[in-house]
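Working notes, beginning with the structure itself.
The values are calculated or read from the model by the stated rules, or taken from the named source; none is laboratory data. This is a predicted model, so every value here is computed, not measured. Methodologically, a virtual Cβ is constructed for each residue, glycine included, from the backbone with ideal geometry; neighbour enumeration extends over all protein chains shown. In case anyone asks, the SASA skips ligands and DNA or RNA and just uses the protein heavy atoms, side chains included. Shrake-Rupley method; radii C 1.70, N 1.55, O 1.52, S 1.80 Å.
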Amino acid sequence: MDLEKLLSDRLAPAFAAVADGPVDPLVRRSGRADFQSDAALALARRLGRPPRDIAGAVLAHAVLDDIGVSAEVSGPGFINLTLSDRALADLVAGLAGDARLGVPSTATPQTVVVDYSAPNVAKEMHVGHLRSTVIGDAAVRLLTWLGHRVVRVNHLGDWGTPFGMLIEHLIDLGEAEAAQHLSMGDLDTFYRAARVKFDADEAFQERSRLRVVALQGGDERTRRLWRLLVTQSERYFLTVYDLLDVGLSGDDFRGESAYNHLLAGVVDDLDRLGLLRPSGGAACVFPPGFTGRDGAPLPLIVRKSDGGYGYPATDLAALRQRVGELGATRLLYVVGLPQRQHFAMVFAVAEAAGWLHPPVRAEHLGFGSILGADGRMLRSRAGESVKLVGLLEEAVARATDLARSRNPDLDAEAAAEIGRAVGIGAIKYADLSVDRTTDYVLDWERMLALDGNTAPYLQYAYARIQSVLRRAGTAARPDASIVLAQPAAPIVFAQPAERALAVELLGFAGVVGEVERSLELHQLAGYLHRLATAFSAFYERCPVLRAPDELRESRLLLAGLTARTLRQGLDLLGIRTLARM
């Protein structure tokens, strides 16, 4: 149950009666009560009344007793809202019997296309691909769990002028040797060698240009060699996704080449609609509101002056295909913030063409950069982009070493399992726990810490609860994988820490609902950290196994619900939990 929404729904008619119009009650968690409404303060100037008077008038209209909520005016005009222990206990008992922890499946499922990761063929994935892959995977997990039909699209860069150069280099090496290079994942070396030849050898340049023509013209041998490049690259990408523990598969690959046959139709339709204008020999659309530094209208180049097509044409074709053929009602593009204007212009053109219209909506989930300790873009010591595989392997190695240092008796298999779950989890959580529009610094010591807002802290909280549940003595205890039809005993709040943990547990549904709308995944991460912190306070102040029987059962139930919620929340972020650490 979303308590904040329930309280907002109860207060909204009362505020509307006092303000003579709709008002957002602005209900939020409070340190002085369970919840707090701040809306009376915001209304004071508009109504010309003291906020305490407004708050009092609202409470005179509000109906709250039937849901076990008491309310009072506090301070300059806050409305403090407190659940009775009985109401709180009943709500928590309801969670204990709910496999979805109070989060309903959506009543209005959508078809959502999520475009993310998007590496380039014949190039290794680097740290710049991490955020798109991790954010996209978490969005897919959350929307799928809520009941939406989610289509994953990995928009590979597999087409265009560089492939003439790459195919010619492949021919020079010989197919067998080239395949060996590519299968070893040494894509960057292969690409750089081709680039060096292209820059130094005019004959090679000419052969590469002719090979592009052959590729675009459908020459059988050229297409076969191109497919070899694509296939070997895709195999490499899948090894990275397996290490990163994300859900992308070979079925999700959809390269730029897949839209090639649609590009001419996009241009023709834009021309027919009167949206296309010539500019410098290119065919462009000038969507309103976009200007360059000189103030002149900014074009979206759909067809270049040489007759070729660039990213805008491919993105327009992809958007139209996703809406028309896939039936998408929500389009998510998980691409870095530098592409913000590009996507805004693509969406504007698609709207003008009638391809993007309500209820369909397109959203650019832009994100910032990963920085090094010097505050600059993260680079290797040689000044190159950090390879993603290397970054992930370092995370796993560091986490494995930490696990062994904490528990020297761990066998190799257990240490490896903990190292992978904690290392990859630390990388993902560092990314997802910050506002995605901001940059963040890759700090190994902070990311792998067992305290603070980190994945290891949350994973350790889960493992500690599992230890308590194991020591409780019977398999029927509320383990994280067990849903109770009925609590074994009444829920009792003998200490403030129990009550605080219970209120926090009831916040899960509201947070998930908000993240479904905003896809601000750091809100979910922040909630999980607050929950783990509340459990830590509970664990320190409320003995579980040594408590009297009735209190023991109640506290075991709270611990089990916390474990279930942590596991579900972390799973939505793509982070594994461990029964032992």
Residue pairs within 6 Å by beta carbon, gap of at least six or interchain, first lying in the stretch 439-455 and more than 18 Å from LEU388 (Cα to Cα), second surrounded by 16 or more Cβ atoms within 10 Å (Cβ to Cβ) and polar (S, T, N, Q), listed first then second, are ASN453/SER433
Looking across the stretch 558-581 at residues that are open to solvent by 10 Å² or more (accessible area, probe 1.4 Å) and part of a helix (DSSP H, G or I), the single one that is farthest from GLY423 (Cα to Cα) is ARG564
Condition set among the hydroxyl-bearing types (Ser, Thr, Tyr) and open to solvent by 40 Å² or more (accessible area, probe 1.4 Å), scope the stretch 285-338, selection farthest from GLY160 (Cα to Cα): answer is THR291
Does the stretch 125-139 include one or more residues that are surrounded by fewer than 18 Cβ atoms within 10 Å (Cβ to Cβ) and closer than 30 Å to ASP188 by Cα?
yes
Over the stretch 162-179, the set of residues surrounded by fewer than 22 Cβ atoms within 10 Å (Cβ to Cβ) and under 15 Å from LYS197 (Cα atoms) is PRO162, ILE171, ASP172, LEU173
Within the stretch 358-387, residues being touching an Asp or Glu at 6+ places or on another chain (Cβ under 8 Å), at pLDDT 90 or above and small (Gly, Ala, Ser) number 2
Checked the stretch 310-365 for anything out of contact with any Gly (no Cβ under 9 Å at 6 or more places or on another chain) and of a type in the set (S, T, N, Q); matches are THR314, GLN321, THR329, GLN341
- Query: Do we find a residue being part of a helix (DSSP H, G or I) and of a type in the set (D, E, K, R) anywhere in the stretch 261-269?
  - Reply: yes
Over the stretch 533-554, the set of residues in a helix (DSSP H, G or I), farther than 26 Å from ALA399 by Cβ, open to solvent by less than 10 Å² (accessible area, probe 1.4 Å) and modelled with pLDDT of 95 or more is PHE538
Those residues of the stretch 102-121 which are open to solvent by 10 Å² or more (accessible area, probe 1.4 Å) and either among the aliphatic types (A, V, I, L, M) or over 26 Å from PRO359 (Cα atoms) (or both) amount to GLY102, ALA107, ALA118, ASN120
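This table checks each residue for (1) in contact (Cβ under 8 Å) with a residue 24 or more places away in the chain; (2) under 24 Å from LEU450 (Cα atoms); (3) not basic (Lys, Arg).
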| residue | (1), (2), (3) |
| --- | --- |
| ALA350 | yes, no, yes |
| PRO358 | no, no, yes |
| ILE370 | yes, yes, yes |
| ARG379 | no, no, no |
| ASN407 | no, yes, yes |
| LEU410 | no, yes, yes |
The lone condition LEU276 fails out of (1) free of Cβ contacts under 8 Å to residues at least 40 places away in the same chain; (2) farther than 24 Å from GLN341 by Cα; (3) in contact with a helix residue (DSSP H, G or I) (Cβ under 6 Å, 6 or more places away or on another chain) is (2)
- Query: If you check LEU225 against the conditions, is it among the aliphatic types (A, V, I, L, M), over 13 Å from ALA122 (Cβ atoms) and in contact (Cβ under 8 Å) with a residue 12 or more places away in the chain?
  - Reply: no
Here the residues within the stretch 275-284 that are open to solvent by less than 50 Å² (accessible area, probe 1.4 Å) and assigned to a loop (DSSP other than H, G, I, E, B) are LEU275, LEU276
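Please go through the stretch 1-29 and pick out each residue that is farther than 27 Å from PRO496 by Cβ and part of a loop (DSSP other than H, G, I, E, B).
Taking the stretch 1-29 first, the residues farther than 27 Å from PRO496 by Cβ are 9, 12-24.
Listed by number, the residues that qualify are ASP20, GLY21, PRO22, VAL23, ASP24.
Within the stretch 508-525, can you find the residues that are open to solvent by 20 Å² or more (accessible area, probe 1.4 Å) and either in contact with a Ser or Thr (Cβ under 7 Å, 6 or more places away or on another chain) or not acidic (Asp, Glu) (or both)? Give the steps one after another, and end with the answer.
First, the residues of the stretch 508-525 that are open to solvent by 20 Å² or more (accessible area, probe 1.4 Å): 511, 514, 516-518, 520, 522-523.
Within the stretch 508-525, VAL511, ARG517, SER518, HIS522, GLN523 meet the criteria.
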Exactly one of ARG32, ARG49 is closer than 21 Å to VAL503 by Cβ and open to solvent by 30 Å² or more (accessible area, probe 1.4 Å), and that one is ARG32
Residue pairs within 9 Å by beta carbon, gap of at least six or interchain, first lying in the stretch 1-25 and among the basic types (Lys, Arg), second not in a helix (DSSP H, G or I), listed first then second, are LYS5/VAL27; ARG10/PRO25; ARG10/ALA62; ARG10/VAL63; ARG10/LEU64; ARG10/VAL69
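May I ask you to list the residues in the stretch 226-247 that are among the β-branched types (Val, Ile, Thr) and open to solvent by less than 40 Å² (accessible area, probe 1.4 Å)? Lay out the reasoning, then the answer.
Initial filter on the stretch 226-247 (among the β-branched types (Val, Ile, Thr)): 230-231, 239-240, 246.
Result: VAL230, VAL240, VAL246.
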Within the stretch 339-367, the count of residues that are touching a Pro at 6+ places or on another chain (Cβ under 8 Å) and open to solvent by less than 20 Å² (accessible area, probe 1.4 Å) comes to 3
Checking ALA89, ALA39, ALA93, ALA71 in turn, the sole residue that is open to solvent by 20 Å² or more (accessible area, probe 1.4 Å), within 26 Å of GLU504 (Cβ to Cβ) and under 33 Å from the mean Cα position of the chain (by Cα) turns out to be ALA93
